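Q: My questions all concern the structure below.
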Amino acid sequence: MAKTREITIDQNTSGWTLTDLSSAVMGTFAEYTIPVGTALIFSSHHTIYMYLEDNEATSAETAAGQPVEIQIAQPFGIGTDLLANDQYQAFKELQDITKKRPNRITLAARANSVLKLRMTPASGKPSLDASDCKFALQATLVLD
């Protein structure tokens, strides 16, 4: 029988690959491959949080209206599922749980799936410093 527990995956969870963005087009700034023997279930009672920072000489928070999406790329090229997409402002609440963005659908990320955090930097400041970004995704961890 599989074991489950509630977890939060954030920027401090080992296994993330971070990539700075340097143009005003949708790009992946963080990737996490789901380990073998596990799965993550993202349900409607889970929330998502992000704080995104540009990579300019004087760093500042990303503009509120920038597009953000979270994808789950299934293993073996089966396809990609869209877990969430919205403007950045919908994801940036950290302190007040009642304001955090809930998932609107339930999706599973099985072993070897890749969780991708993506966004489009503002055209006036077309960059993102991935190492200065903070994010947290709640999920149910399933262990085989």
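The values are calculated or read from the model by the stated rules, or taken from the named source; none is laboratory data. This is a predicted model, so every value here is computed, not measured. For neighbour counting, all protein chains shown are included, and Cβ atoms are generated from backbone atoms with ideal geometry for every residue, glycine included.
Q: Among the candidates Arg110, Arg101, which residue alone is over 16 Å from Asp20 (Cβ atoms), surrounded by fewer than 20 Cβ atoms within 10 Å (Cβ to Cβ) and at pLDDT below 90?
A: Arg101
Q: So which residues in region 31-67 are farther than 22 Å from Ser14 by Cα and of a type in the set (Gly, Ala, Ser)?
A: Ser43, Ser44, Ala57, Ser59, Ala60, Ala63, Ala64, Gly65
Q: Also: Just one of Leu94, Leu21, Leu82 is at negative phi and modelled with pLDDT under 90; which is it?
A: Sole residue among the options that is at negative phi and modelled with pLDDT under 90: Leu94.
Q: Where the second residue is of a type in the set (Val, Ile, Thr) and the first is under 19 Å from Leu83 (Cβ atoms) and lies in region 16-33, which pairs have Cβ atoms under 6 Å and are six or more apart or on separate chains?
A: Partner pairs satisfying both residue conditions: Met26/Thr120; Phe29/Thr19; Glu31/Thr17; Glu31/Val114; Thr33/Val114.
Q: Tell me, which strands (runs of 3 or more DSSP E) wholly within region 1-93 include 2 or more residues that are within 13 Å of the chain's Cα centre (by Cα) and closer than 15 Å to Pro121 by Cα?
A: Hits in region 1-93: 27-33, 47-51, 67-73, 80-87.
Q: Considering each of Asp132, Asp54 in turn, give the residue that is surrounded by 13 or more Cβ atoms within 10 Å (Cβ to Cβ), acidic (Asp, Glu) and at pLDDT 90 or above.
A: Asp132
Q: What are the residues in region 21-57 that are in contact with a Lys or Arg (Cβ under 8 Å, 6 or more places away or on another chain) and among the charged types (D, E, K, R), if any?
A: Glu31, Asp54, Glu56
Q: Here is a further query. So Val68 clears everything in (1) more than 15 Å from Ala136 (Cβ to Cβ); (2) at pLDDT 90 or above; (3) β-branched (Val, Ile, Thr); (4) buried (at least 16 other Cβ atoms within 10 Å of the Cβ) except one condition, right? Which one?
A: (1)
Q: Out of all the residues in region 101-144, which are of a type in the set (Val, Ile, Thr) and either over 15 Å from Ser43 (Cα atoms) or in contact with a Cys (Cβ under 6 Å, 6 or more places away or on another chain) (or both)?
A: Across region 101-144, the qualifying residues are Val114, Thr120.
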